[in-house]
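Here's the structure, in C-alpha cells; my notes come after.
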Amino acid sequence: MSQEPVRPLSLRRRPPAMRDLAARARRRFAQRPARHPPTATERPRRRLMWAGGVLALLAIAIAVLIAVWDWNWFRGPLERTASARLDRRVTISGDLRVDLFSWRPTATVDGITIANPEWAGTAPMGTIDRLRVRVRLVPLLWGKTDLRVLAVDRPNFRLLADGQGRRNWDFSPGRQDPPADFPPIQNFVIREGRLEYSDAQRNIRFLGVIEARERLGVGNAGFQLTGDGTINGQPFRAEITGGPLVNIERDEPYPFDVDLRAGRTQVTANGAIPRPFDLGRFQMNATVRGPDLADLFPITGVALPNTPPYALRGRLSRDGFLWKVDGLAGRVGDSDLSGTLAVETGRERPLLKAALMSRSLDFDDLGAVFGAAPKAGPGETASAEPAARQVAQPRLFPDTPLDVRRIRAMDADVTYRATSIRDTPIQLSAASVRVRLDDGLLRADPLRLDLPHGRLEGHVSLDARGGTPSTTLDLRLSNARIEGLVPVTFQGSTPFEGALVGRARLAGRGDSVRKTFATADGEVVVVAPGGEIRRSVAELMGVNVVKGLGLLLSKDTTTTPIRCGVAHFQARNGVMRADNIVLDTGPVLVTGRGEIDLRSERMDLRVRGQDKSFRLVRVLVPVTAKGSLTAPRIGVESGPALAQGGVAAALGTLLSPLAAILPFVDPGLAKDANCGALIAEAARDGAPVKAAAVAAR
C-alpha cells in the first residue's frame, strides 16, 4: 500500500490561533536587542556566583561527610598533641564523639589515661572515664571560650612528690606555671572523683573523694564542691559553695564560701573571684582555729611554729603567686596576736614575710615554739596532749624532735615584738626579734629581751642544712640588776642589789633543744661589777655564827659593799665547769668552784667564805647548791664541820676547855680580791662590763 508523502503545512493552511502565536513570536524576536559580550563589571559578579555555588556544594559535602565521619580517627592526633603538651604519654581508649551542628558544639571523650613520668613508676598518674565539654559557638569565633558544660566522670588521680622535690603533676619542670585561669563555666560536674596525694618531703598523705554539682532549688542554692577523706590519718572535709553558675559572667564577681576541717583544725571563709574563674586573683575574709598552728602545714605548705590552741581571723587575698593576709588578729594561747603576713610562691621554696606583734604576751605560750608544753593549770590555754607529756616528763630543756623537713621547705623573713610580757621566770618588760630563714639556715638576729633594768640581746642561729642540725647562740646581758634577775626576799626586802652583766656563747648539735644543750661547747661569764649586800647575809656566807646570827636576830638591815663578783664557766660536751667563782664583799671573800651538767640538768656548786677580819666563832663549812636546775637545794657540807668539831674536842681534852674554841676562831687574814683584773679578764671574754662598772661606781 503506497503512502502519500507528508508535506509541510503552509501558513495559510494553519489554524488562525497558531498563525497569531507565530506572529507574536516574530515580533518579540524582532524587538530583542542584539547580543553583546559581558562587560567588566559583569565578569566578577558571575565569578562570585560560581564560587558561592561551589562553596555551597563543598559545605554540603563536608556536612554530609561530618555526619557519617568516624571521629575516632582523630584519637591518634589528639593523643600526640596532649602528650606533647603534658610531657608524658596520654592515651584515649574509648570513643571520641563530636556534635558540631549546634550553636553549642559538644565533644565527649571516653577512657583518658595520663601516664606518670619515669621516676614515679609505671602506674598511671590519672584516669578519667568520661570527659564532656560544651561551648558556645559565637564567642569561640571571636577567640573567647565560654563553657556551657564541663562534666568529668570518675576521675582518679594519684599525685606524688618525692624526697627530691619532684612532682608528677609538674608538666614543665624547672618553671613555675601561672595560677589556673578557667573561662566561665555554667555547668560544672565531677562525679565519683578520687584523689590520692603523697608528699615525702612534707610528710603529707591525703586520700579522699571529690564531688562537684549544682544544687538549685535547695536552701543553699548554687554550686557545691566537696572533698572527704583523711590527711595524715586525721579526718578531712572540705566544702566550697558558690552562687548559681547559670547566669555567670566573666566581668561579674563570683561569690563563694569555704568550710574546711582537718582533724581539729577548722577554716571558714567567704569571698569572691573578681573575674570567674581566674583562680589567680581572689579575696576572702577567713577565720581559722585549731590546737596548733603547725597543723596548718599539710594544708598551706607554710612551716609555722608549734603553738598552743589559737583562733585567728583576717582578710586573705591572692594576686598571682602572692598570697597576703591583712588585718590579722586573734589569740594564740593566752596571748593576743596581730599584724600582716604574705607568702610568695612561684619560687624554689615559698617565702613567708610577716610583721607581727602582741600587746600582751603570756611567756608560757612561747614554750610550744621550742617544743615545750605550756602550763595546763587553771586559766591556762593548752592542748591536752602536750600538757600530759609535760607532766609525764618534767624537764627544763624540751626534747621534742625538730622537724627539719619543714625548715628546709620554705624561706622566711618575720619580725615580731611584744610590748608587754607576763608570767615570766625572770622579769621581762618587752621583746622583739627578726627571724630569717634561707635554704635551711634559720637566724634570729637581732633578738632582744627588755628587762625592767637592762636587756638581753644577741642572736641565735639554727643550721638545718646538714644531716644533724647545729645551733649557735651569742647573747649579752647588759645594764641589768641583780635584784631584778634574782627575785629573792630576805626579812621582807631584797638582800642584795647592784649591776649585773654577762655573756653566753654556746654551740651544740641535735634535733631538739635538749640534745643541743647536751652537746654544747663554749663559755658563759657573769659579772657583778659592784653593788650592796645585806651585812647579815655576807657574814653568814662566811658561816660567821656569832656575828651573822646576831645581825639576824636584831633584824639589822645595814648593807656592805659588793666589790665585785665573777663566775666564768667553760662548757665542754654539755658540762659547764667553773674553777674560780669569786664574790668579794666588805667583810667576806667568797670563792668557789663547781659544774652545771646540761645533759642531766643538774648542778653541783661549792663556795666557801673567808673573813677579812677577826671572828670569834666561825664554822669552816662550804655552802653548796646541788640538785636539779629547776629546784636546787642550798646546804652546807657537814664533813669539814665535823672535822672542826673533832679538833675542838681534842684540844679541849688535851689542853683546857677554853682551847676548844680555838678551831672556831678566824684571824681574818683574807684580802680583797683583785677586782680590776677579774673584771678586765671578763671584758676580754666578751662581757659588756665597761658601762656597768661605771654605773656601779
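The values are calculated or read from the model by the stated rules, or taken from the named source; none is laboratory data. None of these values were measured; they are calculated from a predicted model. Positions of Cβ are generated from backbone atoms using ideal geometry, with glycine treated the same way; all protein chains shown enter the neighbour counts.
Looking at VAL543, VAL527, can you tell me which residue is under 25 Å from ILE482 (Cα atoms), surrounded by 21 or more Cβ atoms within 10 Å (Cβ to Cβ) and at pLDDT below 80?
Values: VAL527 fails: at pLDDT below 80.
Result of the check over VAL543, VAL527: VAL543.
So, of the residues in segment 185-204 that are part of a strand (DSSP E or B) and of a type in the set (Lys, Arg), which turns out to be farthest from VAL246 (Cα to Cα)?
First, pick out the residues of segment 185-204 that are part of a strand (DSSP E or B): 185, 188-199, 204.
Next cut, of a type in the set (Lys, Arg) only: 191, 194.
Working: ARG191: 19, ARG194: 26 Å.
Out of the qualifying residues, it is ARG194.
Residue check: is ARG443 surrounded by fewer than 16 Cβ atoms within 10 Å (Cβ to Cβ) and either touching a Ser or Thr at 6+ places or on another chain (Cβ under 9 Å) or outside the structural domain of ASP362 (by TED's automatic domain parsing) (or both)?
Here the answer is no, as ARG443 does not meet what is asked.
Find all pairs meeting these conditions: Cβ atoms under 8 angstrom apart; at least six residues apart or on different chains; first residue within segment 418-430 and closer than 15 Å to LEU477 by Cβ; second residue surrounded by fewer than 16 Cβ atoms within 10 Å (Cβ to Cβ).
Cβ pairs passing all conditions: ILE426/PRO487; GLN427/PRO452; GLN427/PRO487; SER429/SER420; SER429/PRO452.
Say whether the condition of being acidic (Asp, Glu), under 25 Å from the mean Cα position of the chain (by Cα) and surrounded by fewer than 16 Cβ atoms within 10 Å (Cβ to Cβ) is met by at least one residue in segment 215-233.
Yes, some residue in segment 215-233 is acidic (Asp, Glu), under 25 Å from the mean Cα position of the chain (by Cα) and surrounded by fewer than 16 Cβ atoms within 10 Å (Cβ to Cβ).
Among residues belonging to segment 125-155 that are among the aliphatic types (A, V, I, L, M) and more than 16 Å from VAL189 (Cα to Cα), point out the one that is nearest to the chain's Cα centre (by Cα).
Kept after step one, since they are among the aliphatic types (A, V, I, L, M), are these residues of segment 125-155: 125, 128, 131, 133, 135, 137-138, 140-141, 147, 149-152.
Restricting the remaining residues to those that are more than 16 Å from VAL189 (Cα to Cα) gives 125, 137-138, 140-141.
On the way: MET125: 29, LEU137: 46, VAL138: 47, LEU140: 43, LEU141: 46 Å.
Result: MET125.
Residues in segment 325-354 that are within 20 Å of SER461 (Cα to Cα) and small (Gly, Ala, Ser): how many?
1
Rundown of residues vs (1) closer than 17 Å to THR230 by Cβ; (2) within 23 Å of the chain's Cα centre (by Cα), yes/no style:
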| site | (1), (2) |
| --- | --- |
| GLY165 | no, yes |
| ILE190 | no, no |
| LEU195 | yes, no |
| ARG202 | yes, yes |
| ARG213 | no, no |
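Within segment 107-116, can one find any residue that is of a type in the set (Gly, Ala, Ser), crowded, with 18+ Cβ neighbours inside 10 Å, within 38 Å of the chain's Cα centre (by Cα) and in a strand (DSSP E or B)?
no
Say whether the condition of being touching a Gly at 6+ places or on another chain (Cβ under 8 Å) and part of a loop (DSSP other than H, G, I, E, B) is met by at least one residue in segment 430-449.
No, segment 430-449 contains no residue that is touching a Gly at 6+ places or on another chain (Cβ under 8 Å) and part of a loop (DSSP other than H, G, I, E, B).
Any idea which of (1) of a type outside the set (Phe, Trp, Tyr); (2) buried (at least 17 other Cβ atoms within 10 Å of the Cβ); (3) out of contact with any helix residue (DSSP H, G or I) (no Cβ under 7 Å at 6 or more places or on another chain) is the one THR471 doesn't satisfy?
With (1) of a type outside the set (Phe, Trp, Tyr); (2) buried (at least 17 other Cβ atoms within 10 Å of the Cβ); (3) out of contact with any helix residue (DSSP H, G or I) (no Cβ under 7 Å at 6 or more places or on another chain) applied to THR471, the lone miss is (3).
How many residues does segment 548-562 contain that are crowded, with 22+ Cβ neighbours inside 10 Å and either modelled with pLDDT of 85 or more or over 53 Å from the mean Cα position of the chain (by Cα) (or both)?
Going through segment 548-562 one residue at a time, the tally reaches 1.
Just to verify a result, which residue in segment 274-316, among those that are of a type in the set (S, T, N, Q) and at pLDDT below 95, is farthest from PRO178 (Cα to Cα)? Full working, then the answer.
Of all residues in segment 274-316, those of a type in the set (S, T, N, Q) come to 283, 285, 287, 300, 306-307.
Next, only the ones that are at pLDDT below 95 stay: 283, 300, 306-307.
Details: GLN283: 18, THR300: 18, ASN306: 31, THR307: 33 Å.
Restricting to residues being of a type in the set (S, T, N, Q) and at pLDDT below 95, the top hit is THR307.
Between ALA269, ALA294, ALA303, which is among the aliphatic types (A, V, I, L, M) and over 30 Å from ASP439 (Cα atoms)? Break it down into steps so the answer makes sense when it comes.
On the way: ALA294 fails: over 30 Å from ASP439 (Cα atoms); ALA303 fails: over 30 Å from ASP439 (Cα atoms).
It is ALA269.
For segment 77-106, give me each residue that is basic (Lys, Arg) and surrounded by fewer than 13 Cβ atoms within 10 Å (Cβ to Cβ).
Correct list: ARG80, ARG85.
Counting just the residues of segment 246-292 that are in contact with a Ser or Thr (Cβ under 8 Å, 6 or more places away or on another chain) and assigned to a loop (DSSP other than H, G, I, E, B), which one comes out surrounded by the most Cβ atoms within 10 Å (Cβ to Cβ)?
Per the criteria, the residue is ASP292.
If you go through segment 427-470 one residue at a time, how many are under 14 Å from ASP413 (Cα atoms) and of a type in the set (D, E, K, R)?
Going through segment 427-470 one residue at a time, the tally reaches 6.
Mind checking whether some residue in segment 302-319 is in a strand (DSSP E or B), within 24 Å of GLU252 (Cα to Cα) and not assigned by TED's automatic domain parsing to the domain that holds ASP403?
The answer is no, given that none of the residues of segment 302-319 is in a strand (DSSP E or B), within 24 Å of GLU252 (Cα to Cα) and not assigned by TED's automatic domain parsing to the domain that holds ASP403.
Given the options ARG608, ARG593, name the one that is assigned to a strand (DSSP E or B) and modelled with pLDDT under 85.
Values: ARG593 fails: modelled with pLDDT under 85.
Just one listed residue meets the conditions, ARG608.
On the phi > 0 side of the Ramachandran plot, over 16 Å from the mean Cα position of the chain (by Cα) and at pLDDT 95 or above: which single residue out of GLY339, GLY330, GLY320 fits that description? Explain how you work it out, then say what you get.
Working: GLY339 fails: over 16 Å from the mean Cα position of the chain (by Cα); GLY320 fails: at pLDDT 95 or above.
The match here is GLY330.
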